[in-house]
Amino acid sequence: MRIQLLTPGHKMPDWVAAAFTDYNQRLPQHLALQLIPITTPGRLKNQSADKIKSVEADAILNHVKPGELNIAFDERGKKIDTRYLSRQLADWQMSGANVNLIVGGADGLHTKVLEQAQHKWSLSALTFPHQLVKVIIAEQIYRAYSLLNNHPYHRA
């Protein structure tokens, strides 16, 4: 089993890298997130948001393989909570499925990516910068793992 976090962007700010690494290192090796930065050409002034999303989508889909479980984070996706995520994490481990957690850029995800996703989840009704979403996802995977293992980190 492998969990990949696919997200557009270039170098992470130091604070994002430190927080992501902290949570990721708390996970056992078989659950550690593999961060896959999706590099795309720079934005041009006259490019439409749809064109930018399309270019990002092509780059994202180059990393997706048949038979993998694709989960797209989208504001219109299913609202999930930590207990739901922990059940999903348990299912992924039982199935041995490779999982792709897909985050969009500043303009969101193109329909090409959303159509390839078996699940569409929303982290919140709030909008977060994609750099912060990396930290939120890493923390939530760790929290789901701790819940599954009756670790005191998750107290709710």
All positions within the range 90-104 that are within 15 Å of the chain's Cα centre (by Cα) and open to solvent by 30 Å² or more (accessible area, probe 1.4 Å) | 98
Selection from the range 13-23 of residues that are touching a helix residue (DSSP H, G or I) at 6+ places or on another chain (Cβ under 6 Å) and of a type in the set (A, V, I, L, M) | 16, 19
May I ask you to say which residue of 50, 107 is open to solvent by 20 Å² or more (accessible area, probe 1.4 Å), within 21 Å of residue 131 (Cβ to Cβ), of a type outside the set (Val, Ile, Thr) and at pLDDT below 95?
-> 107
Note on residue 4: of the conditions (1) modelled with pLDDT under 95; (2) within 15 Å of the chain's Cα centre (by Cα); (3) open to solvent by less than 60 Å² (accessible area, probe 1.4 Å), unmet is (1)
Return the total of residues in the range 118-141 being of a type in the set (A, V, I, L, M), surrounded by 15 or more Cβ atoms within 10 Å (Cβ to Cβ) and over 23 Å from residue 21 (Cα atoms).
-> 0
Check residue 115 against each of (1) under 26 Å from residue 143 (Cβ atoms); (2) open to solvent by 30 Å² or more (accessible area, probe 1.4 Å) and name the one condition it does not meet.
-> (1)
Among 33, 61, the single one that is under 18 Å from the mean Cα position of the chain (by Cα), of a type outside the set (Phe, Trp, Tyr) and closer than 13 Å to residue 137 by Cβ is 33
Quick one: residue 11 ticks every box in (1) surrounded by fewer than 17 Cβ atoms within 10 Å (Cβ to Cβ); (2) closer than 30 Å to residue 149 by Cα except a single one, so which number is it?
-> (2)
If you check every pair at least six apart or on different chains, which have Cβ atoms under 8 Å apart with a residue in the range 62-91 that is on the phi > 0 side of the Ramachandran plot first and a residue that is among the β-branched types (Val, Ile, Thr) and modelled with pLDDT of 95 or more second?
-> none
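The values are calculated or read from the model by the stated rules, or taken from the named source; none is laboratory data. The structure displayed is predicted, hence computed values, not measured ones. No Cβ is skipped: glycine too gets one built from the backbone with ideal geometry, and neighbour counts run over all protein chains shown. Ligands, DNA and RNA are excluded from the accessible area calculation, which covers all protein heavy atoms including side chains. Shrake-Rupley method; radii C 1.70, N 1.55, O 1.52, S 1.80 Å.
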